[in-house]
Amino acid sequence: MAVRSPFVVVMGHVDVGKTLLLDKIRGTSVAYREPGMITQHIGMSFVPWQAVEKFAGPLVDRLKLRGRIWIPGFLFIDTPGHAAFANLRRRGGSVADLAILVVDITSGLEDQGVESLKLIQSRGVPFVIAANKLDRIYGWRSVENRPFLTAVEEQEWHAVATLEERIGKLIDQLSRFGIEADRYDRVRDFKTQVPIIPTSAVTGEGVADLLLVLAGVSQRFIPRQKLEVHEGPAKGVVMEVKEERGLGVVADAILYDGRLRRGDTVVTAGIDGPREARVRMLIMPKPLEEMRDPEDRYMAVEEVKAAAGVRIVADGLEGVVSGAPVFAVWTPQDLAEALKLVKEEIAEIKIESDREGVLVRADTFGTLESIVLFLRQQGVPVRKADVGPPTHKDVVEAVLSRRKNPAYGVILAFNVKIPPEVEKEAMSAGVKIIRGEILYRIFDEYMKWSHEVKT
């Protein structure tokens, strides 16, 4: 059975160097590739293991990894951040296999870093920490693309002391969230400790170490069957839906299993439930060798095999929501089954009940599921959860909820605009709307408010 490369998401606070680090990692695969070795994808980048071995040569031998890695490479999701991670969802878990939490070594864990950490923990995805901006450590002497283990042996004692102090602070911060961590070469047990890899996205130092630790973690903690790819109809997830000139509404999807062919029917989901669409075109980027003109980057293909990032052009994609599943259907019998599966999956995310609890609104299925999961883990019940801006009906529901418990007369709105008439109605009905773009900030504000209401 063929295995695919693990999907890796890069997360962290704004300005910690996520995009730059991703660029550096992608650069290694471009610089060390064999012709024709790298398949280009929509929305993600393939970094083959052979390219990593060439890039990190001496360190591969020092860590005794040569010939011991069976994964084909890594598939890095191009959009860093927690929204992409949240949308990489599948029933009962995450499509993401690994996460890199990037932290600025000079300032430690910040707001969105904490947000990312809580998301990673709630989905149970193995992760490593890149302590970035190593080049900013006072007195640190950088050499481009040098492994961290080599670099640290060649520094003045005071630069190493400053680095150790910073790592110590980070370890302390992480311990407050119940995470035991240490510099990666000191980790005794990867099952219980999270490895910290000092990196510089500017100079490339530590990037070799990061990729090798990722390989070790993935082989140890991702069950091989999760990476097995089958021959049947494709399974995937929608990452983004947009209007493309000349093509209409298209969906950028990540396929984690099976095959998708032009002409296939796919079942996915919109706000109102399951959707069927017939694939008119499948678009992939051209191989790097064939990209003569930046305008002419894409090609139409007849079929795509997992793991892949692909642009689907199909009739019926209007209103499809990011984070929705995508199932290819090859026979009429399978269509009913796929529609049923998608309906059940969406019913698990969108909550409609009359029990006591808060109301939740979010911009995508992925973020909605993450919030509901997070609230449940914190012991906050949810009465209703849905995608899109709050409505008149939500205000009515919140009023009913408040009658049973004043702390539940609230709408938590994540990343959605509040229509002015709904805001007005909520105010006059005494319903609190808490909005924001950082999940745990919304939660903290809710806890503070509910405490005030109760007292």
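Summed over all non-identical Cα pairs, the Kirkwood treatment of region 51-104 gives a radius of 13.8 Å. The GluC sites (Glu not before Pro) of region 187-243 meeting both criteria, a DSSP state outside H, G, I, E and B (loop) and at most 13 other C-beta atoms within 10 angstrom of the site's C-beta, are GLU231. Using Cα-only point scatterers and the Debye equation, what is log10 of I(q)/I(0) for region 350-454 at each q in 0.15, 0.24 Å⁻¹, rounded to two decimals? The Debye formula, applied to the Cα set alone, gives -0.51, -1.50.
Here the simple spin-label model places points 7 Å from the Cα toward Cβ, and for ARG376 and ASP172 these points are separated by 3.7 nm.
The length gained by stretching the chain between GLN121 and ASP15 to full extension, at 0.36 nm per residue less their Cα-Cα distance, is 35.9 nm.
When you filter the trypsin sites (Lys or Arg not before Pro) in region 162-240 for DSSP loop state and at most 12 other Cβ atoms inside 10 Å of their Cβ, you are left with ARG176, ARG188, LYS191. Largest first and in whole Å, the equivalent-ellipsoid semi-axes of region 160-266 read 40, 20, 13, each the square root of five times a Cα gyration tensor eigenvalue.
The ellipsoid that matches the Cα gyration tensor of the chain has semi-axes, each √(5λ) in whole angstrom, of 38, 31, 18, with the longest given first.
For region 394-455, the gyration tensor built on C-alpha atoms gives an oblate shape. Its axis ratio a/c (a ≥ b ≥ c) is at least 1.5, and a/b is not larger than b/c. Sparse packing (at most 15 other Cβ atoms within 10 Å of the Cβ) combined with a DSSP loop state is found for the following trypsin sites (Lys or Arg not before Pro) in region 69-122: ARG91. Which percentage, to the nearest 5, of the DSSP beta bridges contained in the chain is antiparallel? Here the share of antiparallel DSSP bridges comes out near 60 percent. What Kirkwood hydrodynamic radius do you get for region 93-252 when you take the inverse of the mean 1/r over all pairs of distinct Cα atoms, in Å? By the Kirkwood definition, the hydrodynamic radius is 17.6 Å. What distance in nm separates the two pseudo spin-label positions at ASP61 and THR331, each 7 Å out from Cα along the beta-carbon direction? With each label point 7 Å from Cα toward Cβ, the separation is 5.5 nm. Dimensions of region 235-341 from C-alpha coordinates, computed as largest minus smallest value along each principal axis and given longest first, are 45, 25, 20 Å. Within the chain, the selection of entire DSSP H helices by a Cα span of 24 Å or greater along the long axis and an average Kyte-Doolittle value of at least -0.5 returns 157-175, 332-349. Kirkwood hydrodynamic radius computed over region 300-350 comes to 13.0 Å, based on all pairs of distinct alpha carbons.
Summarising the strand pairing of region 1-148, around 40 percent of its internal DSSP beta bridges are antiparallel.
FYI, it's all coordinate maths here, none of it is from the lab. Worth saying up front: this structure is predicted, and the values here are computed from it rather than measured. Virtual Cβ from ideal backbone geometry, glycine too; neighbours counted across all protein chains shown.
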